[in-house]
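Asks: I have a structure I would like to understand better, so I am pasting it below and will then ask my questions one at a time.
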Amino acid sequence: MKIAAGVILTVALAVVSAPAFAATGQKTAPAPEAAPPAAVAIAPADLDERLGCGVMLVTIDEVLQRNPQLAAKFSQGDKSSAAMMPLFRVLGASGGILLDKAYAEGAAQGQTPTVLYRRGLAELSSKFANGGGKEEAMAMFSRCMQVAAPAS
């Protein structure tokens, strides 16, 4: 599970531009504990958040597909980590669908793919405004899983 969290964190950090990290050098107080997920209503995602989540989920899947040595690390003695690989593939496919729909919505508003991609990256960067770290990366990944999940 440590490797899965490490891959998520690494990819999330790689997606976010270096200037975003340089601007977050100051320390802030830790955020208060959030209410349990069952008690919090899931807010609908706006276009920027859907773009950012789509970019992140597709990137994670693409990195794992193109770097089989990372996928091999998941299966080294830890079956629960190896079981994460199919989840990443499904999330990558869901992220692709999410990204396609967000691009179509943005194109209907007259925006170019480059502008939409930059909006998605800006959304991801904003998630690391408080210094960025494992907690922020995991919170962002969890939120993106909610955004990408089909409504039931």
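The values are calculated or read from the model by the stated rules, or taken from the named source; none is laboratory data. Because the structure is predicted, anything quoted here is derived from the model rather than measured. Note: ideal-geometry Cβ built from the backbone for every residue, glycine included; neighbour counts use all protein chains shown. Protein only, heavy atoms only, side chains kept; ligands, DNA and RNA dropped before computing areas. Shrake-Rupley method; radii C 1.70, N 1.55, O 1.52, S 1.80 Å.
Asks: If I ask for residues that are farther than 18 Å from residue 61 by Cα and of a type in the set (Gly, Ala, Ser), which ones from the stretch 117-138 would you list? Don't jump to the end; show me each part of the working.
Replies: Going residue by residue through the stretch 117-138, those that are farther than 18 Å from residue 61 by Cα are 118-119, 122-123, 125-136.
122, 125, 126, 129, 131, 132, 133 - these are the residues of the stretch 117-138 that are farther than 18 Å from residue 61 by Cα and of a type in the set (Gly, Ala, Ser).
Asks: When you check residue 90 against the structure, is it closer than 14 Å to residue 46 by Cβ, out of contact with any Leu (no Cβ under 6 Å at 6 or more places or on another chain) and either modelled with pLDDT of 95 or more or not in a loop (DSSP other than H, G, I, E, B) (or both), yes or no? Don't jump to the end; show me each part of the working.
Replies: Values: closer than 14 Å to residue 46 by Cβ: no; out of contact with any Leu (no Cβ under 6 Å at 6 or more places or on another chain): yes; either modelled with pLDDT of 95 or more or not in a loop (DSSP other than H, G, I, E, B) (or both): yes.
Judged against the criteria, residue 90 is not a match.
Asks: Something else: Among the residues of the stretch 38-70 satisfying the criterion of being farther than 26 Å from residue 122 by Cβ and modelled with pLDDT under 75, which is least open to solvent (accessible area, probe 1.4 Å)?
Replies: Looking at the filtered set, the residue picked out is 39.
Asks: Every residue in the stretch 124-152 that is of a type in the set (A, V, I, L, M, F, W, C) and within 14 Å of residue 51 (Cβ to Cβ), please.
Replies: Taking the stretch 124-152 and keeping what is of a type in the set (A, V, I, L, M, F, W, C), we get 124, 128-129, 137-141, 144-145, 147-149, 151.
Scanning the stretch 124-152 gives 124, 140, 144, 147, 148.
Asks: From the list 107, 148, pick out the single residue that is open to solvent by less than 80 Å² (accessible area, probe 1.4 Å) and in contact (Cβ under 8 Å) with a residue 60 or more places away in the chain.
Replies: Going through 107, 148 in turn, just one is open to solvent by less than 80 Å² (accessible area, probe 1.4 Å) and in contact (Cβ under 8 Å) with a residue 60 or more places away in the chain: 148.
Asks: Within the stretch 105-123, take every residue that is part of a helix (DSSP H, G or I) and β-branched (Val, Ile, Thr) and give me the one that is nearest to residue 48 (Cα to Cα).
Replies: First, pick out the residues of the stretch 105-123 that are part of a helix (DSSP H, G or I): 105-108, 113-123.
Applying the additional criterion that residues be β-branched (Val, Ile, Thr) yields 114-115.
Details: 114: 13, 115: 11 Å.
Top of the filtered list is 115.
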